[in-house]
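The structure appears right after this line, and notes come after that.
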Amino acid sequence: MIIKDEIQLTEAVLAETARADDPRFREVLQALIRHLHDFAREVRLTEAEFDASIGIVARLGQLTTPSHNEVRLMAGSLGLSTLVCLMNNGTEEQPTSANLLGPFWRQGAPVMRSGESIVRSPTPGPPLFFSGTVTDTNGIPVAGAEIDVWHASPDGLYENQDPGQAEWNLRGRFVTDEKGAFAFRSIRPSGYPIPTGGPTGDLLTTLKRHPFRPAHIHALVYKAGFKTITSQLYSHDDPMLDTDAQFGVTRALIVSYVRHEPGDGPAPAPDVTEPWYTLDYTFVIEPGDAWLPTPPVSAKAEAPAAGPRADGGAPEAVRATTGSAGADVSAGAAGGQSG
């Protein structure tokens, strides 16, 4: 078709989608074309701005590697990950425990017995003893559900970002018993800054936003006959709850750790001589299709990720963009909460 003007151009592009056999693919693509063209017309996108935008999209792909996913990181900082989650899980009357997947899930974590520790290499931090239950939306326990759990170290790095951590450190898979229960031991996680060396970090800097996430534990719940969910449990006393760089925090996923002092009662393990924490949570899932998302990462980095410094503070680039407030935030995030 010979292009006459900008309106006819959109019509011509849409007409070419009619040959797509899959009706859902056709619906999504046509909506994408309409919104992209309308967006460009609404803001009167200049050629220089278009060129810069193409560069950003290309850089998102170039920075995505087996150990880092810049595309999913950007989706989170634009709120898109949480929006898709909220649209597709539960209802106001029967909510589930779903939350965004995040950019650091690795598929294939070792299957472990309930109660075992997911700490596989020396990882300082207060001991955490987690007890979980999986139920359906009617409160009936779900036996045989697979729970994949993972979280960052107190240094603010997931094991795939940090060659110094053992393979699969702070990761593990568990299966619920006949009561829908499972348990594991770990260390209490801390908040951390997301990687800021790519377009996502540039966006946060431009918007004068900090890069920090509140302390959280991830879980992916898989059971045939039920909709697979990913979840994140956020510490109630983390100062970043209201300003999460990934817009992930929902009220139902804010949890309270219980601190126990030596002498208050028997320790949960013979080697525990310091204060420890317990956390109980019930994951709610709904009937639906069981499926596994594409893993955002699949391997460990060969060098430590650009992120927190060895002393627990934010990297120089992060502190430069957040100022003195950023220094305070990083100290609080790396130190772990003890309240």
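The values are calculated or read from the model by the stated rules, or taken from the named source; none is laboratory data. Given the structure is predicted, the values throughout are model-derived calculations rather than measurements. Note that we place each Cβ from the backbone using ideal geometry, even for glycine, and neighbour counts take in every protein chain shown.
Those strands (runs of 3 or more DSSP E) of the range 184-297 in which 1 or more residues are farther than 19 Å from T82 by Cα and of a type in the set (D, E, K, R) occupy 258-260, 276-285. On inspection, G90 qualifies as farther than 24 Å from Y277 by Cα, small (G, A, S) and touching a residue at least 40 places away in the same chain (Cβ under 8 Å). None of L220, L279, L241, L253 is assigned by TED's automatic domain parsing to the domain that holds F129 and without any contact (Cβ under 8 Å) to a residue 60 or more places away in the chain except L241. Selection of the range 165-191 for residues being modelled with pLDDT of 95 or more and of a type in the set (S, T, Y) yields T176, S186.
Every residue, every condition in (1) at pLDDT below 90; (2) of a type outside the set (S, T, Y), yes or no:
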position	(1), (2)
G265	yes, yes
F283	no, yes
T294	no, no
A299	no, yes
R309	yes, yes
G312	yes, yes
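Within the range 83-102, can one find any residue that is buried (at least 20 other Cβ atoms within 10 Å of the Cβ), in contact with a Lys or Arg (Cβ under 6 Å, 6 or more places away or on another chain) and assigned by TED's automatic domain parsing to the domain that holds H216? The answer is no, given that none of the residues of the range 83-102 is buried (at least 20 other Cβ atoms within 10 Å of the Cβ), in contact with a Lys or Arg (Cβ under 6 Å, 6 or more places away or on another chain) and assigned by TED's automatic domain parsing to the domain that holds H216.
Taking (1) at pLDDT below 95; (2) hydroxyl-bearing (S, T, Y); (3) within 29 Å of F184 (Cβ to Cβ) in turn, T91 satisfies each apart from (3).
Could you pull out the residue among V43, V84, V57, V71 that is in contact with a Leu (Cβ under 6 Å, 6 or more places away or on another chain), without any contact (Cβ under 8 Å) to a residue 24 or more places away in the chain and of a type outside the set (S, T, N, Q)? The unique qualifying residue is V71. What are the residues in the range 129-172 that are surrounded by fewer than 21 Cβ atoms within 10 Å (Cβ to Cβ), touching a residue at least 60 places away in the same chain (Cβ under 8 Å) and on the phi < 0 side of the Ramachandran plot, if any? Hits for the range 129-172 are S131, T133, T135, D136, T137, V142, E146, P163, G164, E167.
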